[in-house]
Each structure stands twice: as structure tokens, then as C-alpha cells.
Amino acid sequence: MKERKEASQLQSTELLAMYRDMVRIREFEEACPALYSQRKMGGFLHLYSGQEAVGVGVARAIHQEDYMIGAYREHGLILAKGTPPGPVMAELFGKATGVSRGKGGSMHMFDPEVRFMGGYGIVGGHLPLAVGMGFAIQYQEKDEVVVCLFGDGATNQGVFHEAMNMAALYRVPVVFVCENNMYGIGTAVGRASAVEQLYKKSCAYETPGVKVDGMDVLKVYEAVRQAATRARAGEGPTYIEALTYRFRGHSISDPGTYRSEQEKKLWKERDPIPNFGRWLVSEGKVKDTDLKTIDAEEKELIAEAIRFAEESPDPGPEDLWTDVYVAS
Amino acid sequence: MPLITCRDAINQALQEEMERDPNVFILGEDVALYEGSFKVTKGLLAKFGEKRVIDTPIAEAGFTGLGCGAAMVGLRPIVELMTVNFGIVALDQIMNNVAVIRYMFGGRVKVPLTIRSPGGAGNQLGAQHSHSIEAMLMHCPGLRVVVPSVPADAKGLLKSAIRSDDPVFFVEHEGLYGVKGEVPEGDYTIPLGVADVKRPGKDVTLICLSKMVYVCLEAAEKLAEEGINAEVLDLRGLNPLDLPAILDSVTKTGRAVTVEECWLTGGWGGEIAALIMEHAFAALAAPVLRVASADVPMPYNKALEDAAIPDVARVMARVREVMRY
Ligand SMILES: Cc1ncc(C[n+]2csc(CCOP(=O)(O)OP(=O)(O)O)c2C)c(N)n1
Ligand SMILES: [Mg+2]
């Protein structure tokens, strides 16, 4: 009852919902650079464009009451989990209506209502938190799962291995999803990891390692769905490597000269959104006009989110001192 | 003297020391191909090659430990931690190995390791990317802590750090890399543990380092218009600490304000205040006052962030307060 249906069984409405989520994320992310140069937002800005199929495939394969947690490239993750774009944009604007009340910013989005448990800025630092959440689920005998997303770079941190070991040892209901976009800032995977096939890294902990095409939302969906089933059955963690690509630099300030034009072009051709759209049409699942309508609606939704962020109030000066402790 | 940035001054020091001593090499995240996330290591890979300019995985504890081990058996590694925030991942290596090994083994080994890393706040980077850890580092016996402000100091101090037989944590500031200053040409060093009067004055001593030196200099200029003549003492490091210079200045002025970017509670200002009290109580006309970052995790919102970090106005207010005694 808890399990999502197999990818091949998904109906047009469900498939369209996935398409919509990916378009929403892309529209959101592509609106950011201009706003950043207008200084509406500050700090670091790591965009998710290109990786949408991973976040959306994950979120659609689990339930509202399941948890998601990620690193600092998480705008797309929190949107996929169901937070409306308004409060996410407001967070980037540093407004009091933002998901973290203007205190977190781009890297630190949080929304307990949809069980998005945060974006974290220290590479690898959030992996043990996911294990802890899985531990709590088990402790409380619930049938929820946690999906923890992180980059290829994080798999080289000691804490990655500590988390993998404990997750397997305590058989916690956690699904690890490595978004392998082939680079950690300017360093290619093969220059930082002795093992280039990152899915193999879980074998030392006897945790299944699965490699999927991260540019295909249904492939990600299916892999996560199966992993969540295992987790809920008490069979422990799964580790999924989703091969993907970020279409922009590491962050807004990165010119990204370490990647060849040829490589970028090849990956652009594998853009998860238009390809999925074309597939939906060619399979007769939807009409081309359905997609166009969604594109237009999502564009308007993001414009509305920007208006919301723009018109929202800033935190007050007194907010500097609030929420350091629960009781002041 | 040529006018160059802190970034270039540090780069020069690295190049000159690598030329001077083949045992000096540099390792860290994105230091080689990418030439550093702040471009401090620009040109090093081209000049010295992959053997001596090494990109590491994102594994701060691991490669800091690697640097420590290499130093124990004869090399002079320079570990670049991309920022001090990630250096916190390596604190175990720093506190349990780097700082204590020589003492723990009865002086039978030395650890000539230099760790370079920028810290500081001010770019809306939020709670996990805005740390200042000088005070925490100062807390560790066995570890030298060097913190330059101007380009000339950065170059001369880094050269001394690299040549030092003790482990040195060399704290740079993200907000200072683009700041220019006159830097002497060629080889020169500045000894560790020697403070520098950046502006002489007679009424009050502003004790500071790193980016706060600039804040204090600006505050001092404005205070001069109010008839308050402030001395700006740049500590240039916390270990060795130039206590004589602090005492000299305070004995002259009778008043002191410490200005730092670390949190107020447990910041280094409290330590300096205690030392002044212990050694020069009779010279004091007023209690030592402190300016430091607000005791909160750094907020993202610009106005809140500004309110959390010491600025010229807050330094001036504190000075006026200390002058009222
Ligand atoms: C512990 C730590 N070290 C270094 C950094 C600086 N840093 C930020 S992102 C990044 C690369 C991470 O790459 P990856 O895990 O592949 O994620 P991606 O950015 O590709 O999504 C680095 C080195 C950091 N944030 N945390
Ligand atoms: Mg990556």
C-alpha cells in the first residue's frame, strides 16, 4: 500500500506531474542569475539546471511523509518535495517569509511541512544526519524512509564511509543518492576518487550499489522506488549513483572553463526535460499542447514567486537574536 | 615599491619558497588545475608541476593528516584548506596530531607544516561558511597562529611560516584577497610574533588583526575628528603573541579596545584583556572593552549579517565608551 507503482504503470497525469516539476525547477533556476546580478540575492548560488530528473525522480518515488535531505544545490530538491516556489524564492531574497526566515539563504533551505530536512554547506556533513533520521524512524517503528542526496565529491569524505557503515550496521531505512555530475567544483571525479564507478563504493558495507541514468526521470524514479521498498521492509539502505550533469558552473561565480564545449554540448542534448516531453508525446501519453500549457503555467508561477519575494518584508533587527535557542 | 594585492603577495611567497626549497609542496582542493578557488595558487601547477602542486579529494581530515605525516619525515608541506569552515572538518587532525605530536613524543620529532586557509564573514554566506576560528586555534598549545592584514605582511609572514619548524596555521581573509598594498620586491621575511603599529596614537589602543585592522584604521581616522587619537596595533598573529607590544602601547595610552571577527564569547579579545589586566593593571585608566561578532550563527540576510559583524560605527561607539572613564 505504501509503495509507489512501477514506472511502467504510471498514468498520464502522473507523468505530466513529473514533467511539470522539472519545468518548475528549470524556470526557477534560470530566473536566478538575473536576480542575482540585480543584487536581489547574495552569497553563493549553486543552480540545479540539468539535474532536475534526479530530484524529481526521487521525490515522486516516495511520499509526503518521507524525508528528503540534501547539500547546498537544493533549490530543486525542496521544490520537488512540494514547497511552493514563493517561500523558496523569498529565502533567496533573504525575506522573513522565506523557508528559513531569511537566515539560511540559497544553501540552507528547510521545510518541515513537506519533510525537506535541509540543505547543508559542508560537503558530506549531512550524511550522518540522514542516518540519524532513519534511526529515529526505526526507533519509533514507523514505515517512513529518508532519501539523502549528495554530490560525487562527498563520496571522498570520511563521513561518507562512516554514514554508509552505520546505515548498514543498524539497517536504517535510508536511500543514499549520489548525484554524480562528474565534477566537484573544477575537479573531475577521476582526479579525486580512486574508484571512478562511484556506485561500487557501497560494496564494502554490503549495501547494494545501483547505477542509473540521472537524465531520465523514470529511471531514477524506479531505482528509488525499489530502494524505498527495501528500506520499508527492514532490509536496510541502498546506494544509488545517478549520472547527471550541471548545465551551469559550480556556482554563479564559476566560469567553468575546465569543461570542454564538446562535453557541455553532448550533455545538453541529453537535457532531461525536452527529452522526457518528446517521449511523452511520442508514446501518445500526452499532446504537445499539454506540455506547452504546463510550460506557460510554470513560467507564470515563477513570476508570481518573484513578486511574492519582492513584496515580502525583511526580518526585523530583533531577529538577529531569535532562534539561537528555543528558550531565550 | 610595487602595489599588489594580498592574493598576489601570498602567491609570490608560495612561489619563492617553492623555488628556494624542493621539500616545499602544496596540496588542497582545487589548488592545481583550477588554481585555487580564490586563485591564490595561480600559475603554480604550470611552474612546479603535478608532483609539487596537488589536487586532493574533498577530504580535509585526510589530507591535513597526510601533510602532518609528510612533515614528520622531512617534507615541508603547505596544506591549503579551501576555507576555515572546511578546516573544521580537519580539527581532529589539527588538535590531536599537528599541534601535540612534538610535545607528546618528547621533542623527538618536529612538524614543519603550514596550513593556509581563508576565513571571515561578510558575503552573505550564512552560518556554515562565515566562521572565524583564530580564537579556537589560539587555544591549542603547540600550534602557531599567524593572521596577516596587509599584503606586505602576508608575504613576509607566510615565508616565515613555511620556514618555521613548528606547525603554523596561517589565517587569510576572504575579504582581503583583492586589497592592495605596497610590497617590497624580492626575498624578505617578517618574524612570527611581532605586532605592528599600523597607526600611532596616544589616547586609546585598538588591538586587532586581519580585516579588522582596516575597520580600526577607518574608525581611528573618524575618531581623530572628534579629538580622540587612537593607536591601531595589528597583532599579525596570536601565537606567538607579542605581549610586550601590547603592554607598551597600553601603558602609553591607558585604554584598550580589542576588535575581532570571532564570536564575543570565548573570543581572543577576552584573553588579551586578561593579559593586560594581569600585567598592566596599574596603567589602565579604564576597563579593557571588546568588540566582536554577535554570539549568533551567521545569518544570511544582509542587514542581519551587517548587524552581526563589527563595523566602524561599533568600534567608534566602544572607543567613546572607554574614553568616558
Ligand atoms: C567540507 C567541505 N570542503 C570543501 C567545500 C567547498 N566546496 C563546496 S562545493 C564543493 C564541491 C562538491 O562537489 P560535489 O560533492 O560533487 O557536489 P556538486 O557541487 O557537484 O553538486 C567544494 C569542494 C565544502 N563546502 N565543504
Ligand atoms: Mg559533483
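The values are calculated or read from the model by the stated rules, or taken from the named source; none is laboratory data. This one's a predicted model, so the numbers in the text were calculated from it and none came from an experiment. Neighbour counts are summed over all protein chains in view; Cβ atoms, including those assigned to glycine, are modelled from backbone coordinates with ideal geometry. With ligands, DNA and RNA removed, areas are computed over all heavy atoms of the protein, side chains included. Shrake-Rupley method; radii C 1.70, N 1.55, O 1.52, S 1.80 Å.
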Nearest 10 degrees, 0 to 90: what angle lies between the long axis of helix B:211-225 and the longest principal axis of chain B (Cα atoms)?
20 degrees
Heavy-atom surface of the protein assembly as shown, accessible at 1.4 Å and reported per residue (Å²):
40 Å²
Picking from A:Asp21, A:Asp152, A:Asp213, which is most flexible by a Gaussian network model of chain A using Cα springs under 10 Å?
A:Asp213
Exposure rank, largest accessible area first [A:Trp321, B:Trp263; 1.4 Å]:
A:Trp321, B:Trp263
Taking just the alpha-carbon atoms of the protein assembly as shown, what radius of gyration and Dmax come out, in angstrom?
26.6, 90
With a 1.4 angstrom probe the carbon and sulfur portion of accessible area for the stretch A:7-321, in percent, totals 53 percent
Selected from B:Leu158, A:Pro272, A:Met215, residue furthest toward positive end of dipole (the protein assembly as shown; charges at beta carbon)
B:Leu158
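Counting only protein chains, not ligands or nucleic acids, how are B:Thr258, A:Thr293 ordered by accessible area (probe 1.4 Å), most first? Could you put the intermediate results ahead of the total?
Working: B:Thr258 0, A:Thr293 70 Å².
Heavy-atom accessible area, descending, gives A:Thr293, B:Thr258.
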Would you check the accessible area of B:Ile101, probe 1.4 Å, heavy atoms only, in square angstrom rounded to 10?
10 Å²
What distance in nm separates the two pseudo spin-label positions at A:Lys264 and A:Arg171, each 7 Å out from Cα along the beta-carbon direction?
4.9 nm
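To the nearest 20 debye, what is the magnitude of the charge dipole of the stretch B:196-323 about its Cα centre, counting +1 on the Cβ of each Lys and Arg and -1 on the Cβ of each Asp and Glu?
Approximately 140 debye in magnitude.
Please report, in debye to the nearest 20, how large the charge dipole of the protein assembly as shown is about its Cα centre when each Lys and Arg carries +1 at its beta carbon and each Asp and Glu carries -1 there. Show your work: numbers first, answer last.
Working: 69 positive and 87 negative charges, 157 e Å.
Dipole about the Cα centre, nearest 20: 760 debye.
Could you compute how much accessible area chains B and A hide from each other, both sides summed, with a 1.4 Å probe? Nearest 100 Å² is fine. Don't jump to the answer; show the numbers that get you there.
Numbers: alone 13420 and 14950 Å², together 25820 Å².
Approximately 2500 Å², summed over both chains.
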What residues have an amide H closer than 5 Å to that of B:Ser210, excluding those fewer than 5 places away on the same chain, when H is modeled at 1.01 Å from N in the peptide plane?
B:Ser149, B:Arg236
Nearby lysines by direct alpha-carbon distance to A:Lys285 (threshold 20 angstrom, same-chain neighbours under 8 apart not counted):
A:Lys5, A:Lys219
Size of electric dipole in the stretch A:7-321: Cβ of Lys, Arg +1 and of Asp, Glu -1, about Cα centre, debye, nearest 20:
600 debye
What's the lysine pair count for the stretch B:152-239 at a Cα cut-off below 22 Å, pairs eight or more apart or interchain?
13
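Can you put B:Tyr214, B:Tyr300 in order of accessible area, largest first, using a 1.4 Å probe?
On the way: B:Tyr214 65, B:Tyr300 5 Å².
Putting B:Tyr214, B:Tyr300 in descending order of accessible area: B:Tyr214, B:Tyr300.
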Kindly identify the stretch B:1-158 as rounded, prolate or oblate by the Cα gyration tensor criterion: order the square roots of the eigenvalues as a ≥ b ≥ c, call it rounded if a/c is under 1.5, otherwise compare a/b with b/c, prolate if a/b is larger, else oblate.
rounded
Divide the volume of the convex hull of the Cα atoms of chain B by its number of residues and quote the answer in cubic angstrom per residue.
127 Å³
For B:Lys252, list the aspartates and glutamates whose Cα falls under 13 Å from its own Cα; do not include residues on the same chain fewer than 8 positions away.
B:Asp203, B:Glu231
